[in-house]
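A.B. asks: Sharing a structure, written as structure tokens. Questions coming.
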Amino acid sequence: MYRTNTCGELNLTNLNEKIVLSGWVHKIRKMGGMTFIDLRDRYGITQLSFNQEVNSELYAQANKLGREWVVSVEGVVKERSNKNMDLPTGEIEIIASKINVLNESKTPPFTIETKTDGGDDLRMKYRYLDLRRSVVRKNLELRHKMTIETRSYLDNLNFLEVETPVLIGSTPEGARDFVVPSRMNKGEFYALPQSPQLFKQLLMVSGFDRYFQIVKCFRDEDLRADRQPEFTQIDCEMSFVEQEDVLNTFEGLTKHLFKSLKGIDVPDFPRISYADAMKYYGSDKPDIRFEMKLVEIKDLTTDRNFMVFDSVPYVGAICVEGAAVYTRRQLDDLTKFVKRPQVGAKGLIYLRYNEDGSLKSSVDKFYSEADLRKWAERCNAKPGDLILVMGGETEETQEQLSDLRLEMASQLGLKDKNDYKCLWVVDFPLLEKDEELDRYFAKHHPFTSPKPEDIHLLDSDPAAVRANAYDLVINGVEVGGGSIRMHDSELQNNVLSVLGFSQERAQEQFGFLMDAFQYGAPPHGGIAFGLDRLVSLFAGLDSIRDCIAFPKNTSGRDVMIDAPSRIEPEQLEELGLSLNKLKK
Ligand code: ASP
């Protein structure tokens with residue numbers, strides 16, 4: 001028998017029991033005549049003890065074991081004299097009577113500890129060893145629980161999990177598709193789904209009424225800390241619903257996850273329009289753990305011969321509480337921060353509201369004290385606060401102020417990872433204009449319904465049309481997004497034509513959807529949550545990588561299995577993709 005118990009469960013209630021444990025040699029401590037071994041498995045660590053005087057042969061055998069060897073040990077549970085109250089098994093130890101070496105191990109390239117000495121690259125190359133570390137394993141346990149809770153919550157509400165295909169056709173959903181060549185249909189390609197969007201809508205036409213799927217999706221985008229080329233969505237769709245119904249259902253799911261996984265009761269989620277999110281936070285995913293809202297002060301800055309502000313449509317400020325003590329050097333660093341290409345501002349103006357009530361700004365030459373006092377008043381500033389001001393094109397500057405706001409929150413320690421602030425951003429614009437290409441793109445996706453009261457603007461003022469689209473945002477992270485869909489083929493056609501699809505292309509790309517809409521499509525809408533983002537938020541991680549068992553690096557590589565990789569010329573030939581043909 002390999003084991004009677006796991007390494008995480010024995011305690012004083014098991015005293016004197018004869019047991020067998022199997023696991024990995026975590027640590028060996030040799031202390032003159034006594035050797036202690038920490039034996040580890042998925043469930044925990046149990047101390048084994050070997051006494052030279054009692055059993056010198058076994059003691060010698062124990063001293064020959066190495067880190068990460070796999071052993072099975074027989075022994076008896078005894079109370080420990082030196083207790084470790086940090087471990088559930090810390091009050092007992094096993095007086096071993098037999099060791100069975102099941103497998104030896106090379107010395108691992110990094111320590112299997114909470115804080116390891118292995119760098120990122122090494123950990124990824126030996127991810128199977130990295131996954132032995134309890135910190136990483138805990139994230140995957142959390143992920144498992146989240147999917148179980150999600151399934152049971154949605155199952156209780158009559159949602160049906162349906163699998164949709166992974167080999168589909170390329171559809172325009174914003175990102176680039178990963179494609180797969182078809183051997184049987186040379187010159188043709190499947191695409192991997194960016195989401196099951198069209199299938200879940202077709203399931204509604206089929207009358208499935210409530211669908212969900214925990215599903216892999218694929219997007220060939222440049223990678224960042226919160227993006228992976230393959231990621232998992234909790235994808236959902238419902239029939240006979242309005243926006244309110246979808247929001248309430250999935251607010252319910254989110255609250256349930258917080259309660260069941262973290263024991264937290266989160267209050268009802270506030271709702272904010274996209275327009276207000278931009279106005280007050282400069283972002284469509286505002287972090288509302290802290291205030292520091294954007295304040296418009298353009299009217300207070302004009303006609304004082306300060307060209308920088310006179311020449312732009314927007315001047316905005318944030319008031320940073322208690323930061324008047326920032327030194328000249330710190331302010332210079334903030335200016336450098338906003339001038340970085342990632343932020344892209346031209347400069348930064350400051351106004352210190354000193355503790356003694358005096359004002360000092362970087363534009364004292366242009367503005368009188370009375371002027372500056374008005375700025376401070378508009379910003380609701382108190383003595384001790386620092387006001388930071390930027391001017392430029394409206395949306396661009398709001399976004400730059402948002403970056404600055406987040407940076408200030410980081411510097412002042414306002415981003416408490418254990419404080420969860422959820423909100424819905426609603427009333428997104430339906431379309432987004434690409435000025436360079438001079439055409440409109442769907443802000444969410446081409447199947448999102450315009451608000452009925454805005455439909456009449458589709459032709460005359462497309463940019464003003466708002467959509468029945470919504471995002472769930474938690475602590476500044478877009479955790480989910482969805483919309484009410486069009487279910488009327490005529491309206492769908494109309495929107496596709498505003499998006500620049502000719503009749504023929506629309507038919508070619510979405511003919512099946514338009515056809516389906518002519519066979520009794522119910523009103524429907526849905527949402528998709530990014531599972532990886534949700535798990536990493538719950539786990540307090542900075543990157544989604546550590547809640548994915550085998551993630552890719554920022555170049556999209558799996559460095560452990562070394563993928564992607566070249567394939568044999570014969571394989572290429574068979575796919576109709578021989579190199580000679582490709583070169584042409
Ligand atoms: N398919 C959408 C997405 O992946 C979500 C939705 O509209 O339900 O973002």
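The values are calculated or read from the model by the stated rules, or taken from the named source; none is laboratory data. Quick caveat: nothing in here was measured; it's all calculated off a predicted structure. Ideal geometry is used to build each Cβ from the backbone, glycine not excepted, and the neighbour counts take in all protein chains shown. Surface accessibility is based on the protein's heavy atoms, side chains included, excluding ligands, DNA and RNA. Shrake-Rupley method; radii C 1.70, N 1.55, O 1.52, S 1.80 Å.
A.B. asks: Filter region 215-239 for residues that are under 15 Å from the mean Cα position of the chain (by Cα) and aliphatic (A, V, I, L, M); which is least open to solvent (accessible area, probe 1.4 Å)?
C.D. replies: Of everything passing the filter in region 215-239, ILE234 is least open to solvent (accessible area, probe 1.4 Å).
A.B. asks: Out of the residues in region 178-214 that are within 20 Å of the chain's Cα centre (by Cα) and farther than 25 Å from TYR519 by Cβ, state the one that is surrounded by the fewest Cβ atoms within 10 Å (Cβ to Cβ).
C.D. replies: Across region 178-214, the extreme among qualifying residues is ILE214.
A.B. asks: If we keep just the residues of region 433-455 that are under 20 Å from GLY174 (Cα atoms) and free of Cβ contacts under 8 Å to residues at least 24 places away in the same chain, which is farthest from the ligand (Cβ to nearest atom)?
C.D. replies: Among those that are under 20 Å from GLY174 (Cα atoms) and free of Cβ contacts under 8 Å to residues at least 24 places away in the same chain, it is ASP438.
A.B. asks: Go through region 1-79 and tell me which strands (runs of 3 or more DSSP E), entirely inside it, have 3 or more residues that are out of contact with any Lys or Arg (no Cβ under 9 Å at 6 or more places or on another chain).
C.D. replies: 18-30, 44-51, 70-79
A.B. asks: Can you work out which of the residues in region 314-334 that are open to solvent by 70 Å² or more (accessible area, probe 1.4 Å) and more than 32 Å from the chain's Cα centre (by Cα) is nearest to TYR353 (Cα to Cα)?
C.D. replies: Per the criteria, the residue is VAL325.
A.B. asks: Go through region 396-459 and tell me which strands (runs of 3 or more DSSP E), entirely inside it, have 1 or more residues that are open to solvent by less than 20 Å² (accessible area, probe 1.4 Å) and touching an Asp or Glu at 6+ places or on another chain (Cβ under 7 Å).
C.D. replies: The strands (runs of 3 or more DSSP E) meeting that bar are 422-426.
A.B. asks: Something else: Kindly indicate whether any position in region 253-276 is within 16 Å of the ligand (Cβ to nearest atom), closer than 21 Å to LYS421 by Cβ, surrounded by 14 or more Cβ atoms within 10 Å (Cβ to Cβ) and not aliphatic (A, V, I, L, M).
C.D. replies: yes
A.B. asks: Also, I was wondering about something else. Are there any pairs, at least 6 apart or on different chains, whose C-beta atoms fall under 8 Å, with the first in region 172-198 and closer than 21 Å to GLN213 by Cα and within 14 Å of the ligand (Cβ to nearest atom) and the second aliphatic (A, V, I, L, M) and open to solvent by 80 Å² or more (accessible area, probe 1.4 Å), and if so, which?
C.D. replies: Taking only residues 6 or more apart or on different chains, the pairs are LEU192/LEU167; LEU192/VAL179.
A.B. asks: Separate question: Out of LEU351, LEU372, I need the residue that is over 18 Å from GLU291 (Cα atoms), hydrophobic (A, V, I, L, M, F, W, C) and part of a strand (DSSP E or B). Which one?
C.D. replies: Being over 18 Å from GLU291 (Cα atoms), hydrophobic (A, V, I, L, M, F, W, C) and part of a strand (DSSP E or B) holds for just one of LEU351, LEU372, which is LEU351.
A.B. asks: Give region 144-159 a look and list any residue that's free of Cβ contacts under 8 Å to residues at least 60 places away in the same chain, open to solvent by 70 Å² or more (accessible area, probe 1.4 Å) and either closer than 28 Å to SER536 by Cβ or touching a Leu at 6+ places or on another chain (Cβ under 7 Å) (or both), or say none.
C.D. replies: Correct list: HIS144, ILE148, ASP155, ASN156.
A.B. asks: When you scan region 468-584 for helices (runs of 4 or more DSSP H) that lie fully inside it, which ones turn up with 2 or more residues that are farther than 23 Å from ARG137 by Cβ?
C.D. replies: 489-498, 503-517, 569-574, 579-583
A.B. asks: Now, a different point. Return the pair list, or none, for Cβ contacts closer than 7 Å from residues in region 234-246 that are away from the ligand (no atom under 14 Å from the Cβ) to residues that are open to solvent by 10 Å² or more (accessible area, probe 1.4 Å) and not in a strand (DSSP E or B), at least 6 apart or on different chains.
C.D. replies: Cβ pairs passing all conditions: PHE240/PRO522; PHE240/PRO523.
A.B. asks: Under 8 Å by Cβ, and 6 or more places apart or on different chains, what pairs join a residue from region 1-16 that is among the β-branched types (Val, Ile, Thr) with one that is surrounded by fewer than 16 Cβ atoms within 10 Å (Cβ to Cβ) and in a loop (DSSP other than H, G, I, E, B)?
C.D. replies: Close Cβ pairs (under 8 Å, with a partner that is surrounded by fewer than 16 Cβ atoms within 10 Å (Cβ to Cβ) and in a loop (DSSP other than H, G, I, E, B)) amount to THR6/ARG42; THR6/TYR43.
A.B. asks: Does LYS382 count as open to solvent by 60 Å² or more (accessible area, probe 1.4 Å), assigned to a loop (DSSP other than H, G, I, E, B) and touching a helix residue (DSSP H, G or I) at 6+ places or on another chain (Cβ under 7 Å)?
C.D. replies: In short, no.
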